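As structure tokens, the structure follows; a few thoughts come after it.
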Amino acid sequence: MFPCDAWRFWPPNSCTYGVQASIVYSAIAVFLTLFLSCRRKAATTDPSAYQRLTDETPTVANLGGPVTRSFLLTVLVGIVNITLPWIYFFAHYKVVPFTPIFFIAATSHSLFWAITTVYHGFLINRKHVSLWLLLVYFVAVLLIAPVFALHEFFPDGFFHAGHFAYLVVEAVGTVLTILLTATGYTLRDFNQPDHKWLKVEKSLRQVGHYIWPRKDFLIRLRIYVCVVIVIIGRVTNIVFPLYSKWIIDELAKGNFCYQLIIGSVIMKFFQGSGMGGFLNTVRSQLWIAINQYTTREIQMDMFAHIHQLSLSWHLSRKTGEVLKVMDRGTRSIQALLNYIVFNITPTIVDILIATVFFFVMYNYYFGILVLVTMVIYLATTIIVTEWRTKQRRDLNKADNEWQTVGVDSILNYETVKYYSAEQVEYNRYKAALLHYQKHDYLVNTSLNFLNLLQNFIIGLSMLIGTLLIGYFIAMPNSKFTAGDYSMFTTYLLQLYGPLNIFGTLYRTIQNSFVDMENMFELLNKEVDIVDSIDAVEVPPGSLSLNVNNVSFHYSEGQPILKNISFTVQPGKTIAIVGASGGGKSTIIRLLFRLYDVTDGSICFGDTDIRDLKLKSLRGSIGIVPQDTVLFNDTIGYNIRYGRPGATDEEVEAAAEAAQILDLIKSMPNGYDTIVGERGLKLSGGEKQRVAIARTILKNPAFLLLDEATSALDSITESRIQINLKALARGRTCVIVAHRLSTIKSADIILVMRNGNIVQSGSHVQLVNIPGEYRELWQLQHSHRQNSHDQTDQ
């Protein structure tokens with residue numbers, strides 16, 4: 001059975017045309033939906049698409065330029081075409097009988113334009129125009145063309161048909177879209193790869209990785225419910241002013257309309273005032289978990305990424321500034337989410353609905369007034385806020401400098417005391433604070449100027465609108481009533497309320513993008529030292545250490561190591577000595593792969609360490625650094641850090657081997673004693689013994705000792721040396737030392753000068769031949785002898 005009473009394929013009547021158009025629109029929408037689904041699946045299932053949560057998808061990585069204004073215009077055309085059938089319905093539902101076929105055709109028409117606009121967005125990254133996209137738009141034109149050609153659709157002429165203007169708008173918009181698409185103007189502008197809007201788009205896409213919980217269905221469900229609540233909120237904003245009109249009109253007639261009054265109160269209960277309505281309260285409660293998810297994901301990703309960055313980056317960073325960037329970046333994403341989803345988007349939707357509503361319910365004067373007010377208001381807000389963006393960046397920079405000065409000064413508390421420099425630090429901090437307040441003053445002054453402009457625009461629009469509606473109500477035989485005045489003012493105030501906040505919201509979003517810039521720069525900072533694609537675990541068993549023709553420099557033109565080579569057999573110990581700055585500690589850093597060699601290779605066995613997994617490599621190495629830094633936790637925690645799963649007995653044995661057990665037992669809290677920030681509550685020697693204890697506890701295959709006992713007294717050093725020798729037995733060990741007495745038992749001793757190995761051999765060999773080692777030995781031996789003589793005297 002046909003849905004039309006009089007079915008005619010060609011020439012079609014209005015009913016059969018609606019059926020045919022619905023089939024075509026629906027078929028294309030389904031085809032494009034399947035295409036987009038396959039495209040998305042292919043992009044997200046690529047194993048190389050995500051290495052970290054913040055890695056950009058291939059789509060983001062291939063963005064070669066900003067979105068053009070022409071594409072945004074085609075998006076606007078698509079939105080207009082989506083809404084046209086429904087605008088026509090609401091404008092004519094009192095005078096035109098609408099059949100079910102109309103609603104079927106209108107729905108398929110809107111779906112077609114929604115899917116086509118999304119499909120167009122997927123194709124703007126191409127270098128060339130898509131013929132398939134042009135074909136889809138041509139089909140849209142072909143579906144409109146018969147309507148203009150057939151007399152049945154315009155029996156009284158074009159200008160007497162209510163739907164003529166709507167068809168013209170859709171036809172003109174579609175033809176314009178075809179022209180812009182065919183000429184390539186909707187493709188990205190690849191000539192501007194550094195455009196600021198491209199940076200904004202990339203930031204939004206990166207934020208999207210944190211917003212959408214791909215593996216948590218309950219969080220996604222919360223997002224869906226929040227979106228539904230926002231939609232319901234838009235409906236209540238339309239219905240509540242209508243209740244005001246209906247109630248006033250009924251009361252003016254002497255009717256007690258308690259149903260309308262109760263309905264109005266229920267609507268107001270749902271709507272609330274400000275952010276306190278029932279809908280907003282429920283939405284805020286649901287959004288807590290989503291906010292926490294986003295915060296958790298980005299904070300953990302930044303934390304992990306900072307630990308992956310190279311030592312060179314950490315040596316040059318400013319701790320206070322990094323912490324500020326992390327904090328501000330996280331808060332900016334939270335603000336962006338809340339404001340875009342629950343303020344900006346609903347406000348823009350309310351503006352569009354209000355424009356259509358006033359066109360339909362009143363006349364075009366009111367629709368034009370609202371539309372012009374919105375355009376002027378938004379344009380003014382955007383222009384002035386763009387001008388304020390530079391001021392905000394300068395303010396952030398000054399804020400970072402101020403915080404950095406404060407953190408740096410507090411971290412160097414002891415140095416300040418050593419040089420009685422409290423006044424110097426006070427003046428430095430005050431100068432940074434005054435510099436910050438200068439920029440803060442400029443930012444707040446420009447904010448007040450913007451608020452003044454916004455209030456003037458809103459006030460003028462309210463004045464014109466209320467005078468206009470009052471004039472129409474006062475006209476003889478006017479169709480408007482006092483209820484219309486109430487509805488108009490209620491709706492206008494309801495609309496302009498969020499609009500007043502819109503300026504603040506836009507500024508906040510701008511500020512959020514500025515705050516996110518530094519955070520994404522940090523997140524996108526390239527990790528220098530990473531696993532190779534085919535990296536393997538460290539082979540089991542005893543391995544030799546082979547350094548082959550290694551050269552290295554921190555800065556171009558300033559070589560630290562110059563083509564050095566040496567081999568340490570499994571279970572043997574090699575010692576490296578020489579003057580400061582000769583490259584000894586650099587070798588330790590290269591062995592631990594804190595840096596990669598510039599030339600040559602370092603191998604464990606026959607495997608280059610660049611082909612070993614970092615976690616496995618570093619897990620097999622124990623290191624006692626020259627400068628020991630401890631966590632601001634207990635002394636037990638710091639020792640157990642070498643092997644978190646160690647038992648209490650193993651921790652105590654390591655502490656005893658490191659000659660620190662007696663000290664721990666003498667402390668009131670024992671292993672629970674807090675060592676202070678960076679271990680400042682302990683002496684240099686005590687910190688070094690803690691570092692030795694946790695290395696002993698780690699029980700590594702390779703041992704690197706970088707001046708491991710330099711901060712110890714001679715007696716403690718001699719005791720620890722016995723334990724270190726026991727620890728080194730059967731392990732490949734590299735020792736860097738200044739005290740030659742501590743490395744006499746090494747199997748091989750390398751003497752370095754200016755990045756070169758100038759001597760090598762055992763202690764017995766080197767001390768008996770002329771050279772730098774014998775000079776160093778004699779010098780240190782004579783100093784030790786002089787010290788003993790002075791002590792005897």
Residue-count net charge about T490 - beta-carbon cut-off 15 Å; Lys, Arg +1, Asp, Glu -1: -1
Among the lysines, select those whose C-alpha is under 19 Å from the C-alpha of K268, and discard any that sit fewer than 8 residues away in the same chain. K245
FRET efficiency, L218 to T107 (Cβ-Cβ, R0 30 Å, nearest 0.05): 0.45
Label-point gap, in nm, between N291 and R428 - each point 7 angstrom along Cα→Cβ: 3.8 nm
13 Å beta-carbon shell around G184, net charge (K/R +1, D/E -1): +2
Simple label model, 7 Å out from Cα along Cβ direction - S616 to H781, nm: 4.6 nm
Per residue of region 298-303, in order, report the coupling 6.51 cos²θ - 1.76 cosθ + 1.60 (Karplus, θ = phi - 60°) as ³J(HN,Hα) in whole Hz, putting x for Gly and Pro. 6, 5, 5, 5, 5, 4
Out-of-range pairs (alpha-carbon distance over 32 Å; input K613/K744; K562/K613; K665/K698; K438/K687; K318/K390; K615/K665): K613/K744; K438/K687; K615/K665
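What number, in percent, do you get for the relative contact order of region 630-699 if the mean sequence gap of Cα pairs under 8 Å and at least 6 apart is divided by its residue count? The partial results should precede the final answer.
Details: 90 pairs, mean separation 37.2, N = 70.
It comes to 53 percent, rounded to a whole number.
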Across all directions of projection, what mean area in square nanometres is found for the Cα convex hull of region 630-699? 3.8 nm²
What is the sum of charges, Lys and Arg at +1 and Asp and Glu at -1, for the other residues whose Cβ falls under 13 Å from the Cβ of S580? 0
Per residue of region 338-348, in order, report the coupling 6.51 cos²θ - 1.76 cosθ + 1.60 (Karplus, θ = phi - 60°) as ³J(HN,Hα) in whole Hz, putting x for Gly and Pro. 4, 6, 6, 6, 10, 10, 5, 4, x, 5, 5
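Test of understanding: what is the full-extension gain from D627 to V225, defined as 0.36 nm times their sequence separation minus their Cα-Cα distance?
Working: separation 402, 0.36 × 402 = 144.72 nm, distance 5.43 nm.
Stretched fully, the D627-V225 segment lengthens by 139.3 nm.
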Go ahead and run the numbers for FRET between K268 and N448, Cβ-Cβ distance against an R0 of 41 Å, rounding to 0.05. 0.80
PRE reach from V527 (point 7 Å along Cα→Cβ): which of region 579-613 fall under 13 Å by backbone N? 613
By how many nm would the segment from R774 to V141 grow when fully extended, if each residue of separation counts as 0.36 nm and the alpha-carbon distance is taken off? 218.5 nm
With R₀ set to 51 angstrom, the calculated FRET efficiency between the beta-carbons of E250 and F456, to the nearest 0.05, is 0.85
Can you work out the Karplus-derived ³J(HN,Hα) for every residue in region 663-674? Use 6.51 cos²θ - 1.76 cosθ + 1.60 with θ = phi - 60°, whole Hz, and x for glycine or proline. 4, 5, 5, 7, 7, x, 9, x, 5, 8, 5, 6
Virtual spin-label span in nm between R69 and A474, 7 Å along Cα→Cβ: 4.3 nm
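Quick note: the coordinates plus some simple rules give every number you see, no bench work behind them. Here the structure is a predicted model, which is why all the values come from computation and not from measurement. So basically every Cβ, Gly included, is an ideal-geometry build from the backbone, and we count neighbours across all protein chains shown.
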